[in-house]
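Bear in mind that the values in this text are calculations on the coordinates, not laboratory data. Bear in mind that the values here come from a model prediction, so they are computed numbers and not experimental data. Quick reminder, even Gly has a Cβ in these numbers, built from the backbone with ideal geometry, and neighbours come from all protein chains shown.
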Amino acid sequence: MQALGLSTTHTSTSRLQAATLPALLLHGRSSDTWGEARVITCDSKGWSFHDARHVSRFYAADKYTCFVSGGSEHLTVESLNSLESRLATFGFLRVHRGNLVNVNHVSGVYYRGGAFVLKLLDGQVVPVSRRQTPALRGYLQMLQSRCVQRR
């Protein structure tokens with residue numbers, strides 16, 4: 001606890017550990033890729049930790065953010081804005097106000113009814129808003145240029 005700059009003179013070490021555990025688990029170490037990609041959920045059974053790199057998308061539902069991991073739907077209190085900024089380096093792209101997609105899980109991009117939709121590897125279909133279409137196009141052009149350079 002001394003390494004964290006906390007004094008143990010008037011408070012028991014176990015209480016300090018309990019108080020700082022959530023912050024350490026949430027943020028991990030800056031050099032720890034698993035810590036940076038970690039998403040925490042809490043339910044009546046306790047805390048669960050999920051690797052965001054295995055999640056195809058996060059989507060808004062009321063005041064929560066939902067995602068599917070391990071075949072089950074989970075809720076986290078972390079906002080889409082927070083996840084977007086934290087997970088951008090892992091290939092997450094905001095495609096709609098209520099959807100953050102892992103581009104590594106996209107199996108197809110289609111134009112239907114005047115708008116783009118993404119089909120994900122797990123079968124989910126995600127609409128792309130008009131506002132986010134330029135970001136998607138930019139990402140697709142970047143991918144296309146990489147493919148051309150490899151030839």
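By its C-alpha gyration tensor, with a ≥ b ≥ c as the square roots of the eigenvalues, how is segment 29-101 shaped: rounded for a/c under 1.5, else prolate for a/b larger than b/c, else oblate?
It comes out oblate by the Cα gyration axes.
Any chance you could run the full-extension gain for LEU75 through LEU140? It's 0.36 nm times the residue separation minus the Cα-Cα distance, nm to one decimal.
Additional length available on full extension: 20.4 nm.
Sorted by average packing, counted as other Cβ atoms within 10 angstrom per residue and highest first, what order do 118-126, 136-144 take?
Ranking, from highest mean packing down: 118-126, 136-144.
Could you give the nm distance between label points at ARG97 and ARG53, where each point is 7 Å from its Cα heading toward the beta carbon?
Taking the simple label geometry, ARG97 and ARG53 are separated by 3.4 nm.
How far is it, in nm, from the label point at ALA61 to the one at ARG130 when both lie 7 Å from their Cα along the line to the Cβ?
Label at ALA61, label at ARG130, 2.9 nm between them.
Post the alpha-carbon centroid distance, segment 35-52 to segment 108-130, in whole angstrom.
Rounded to whole Å, the Cα centres lie 28 Å apart.
Assuming 1.567 mPa s and 4 °C, estimate D for segment 32-150 with Stokes-Einstein, Rh taken as the Kirkwood radius over Cα pairs, in µm²/s.
The calculation lands on 86 µm²/s.
Cβ neighbours within 10 Å, averaged per peptide: list 65-73, 50-58 in order, most packed at the top.
50-58, 65-73
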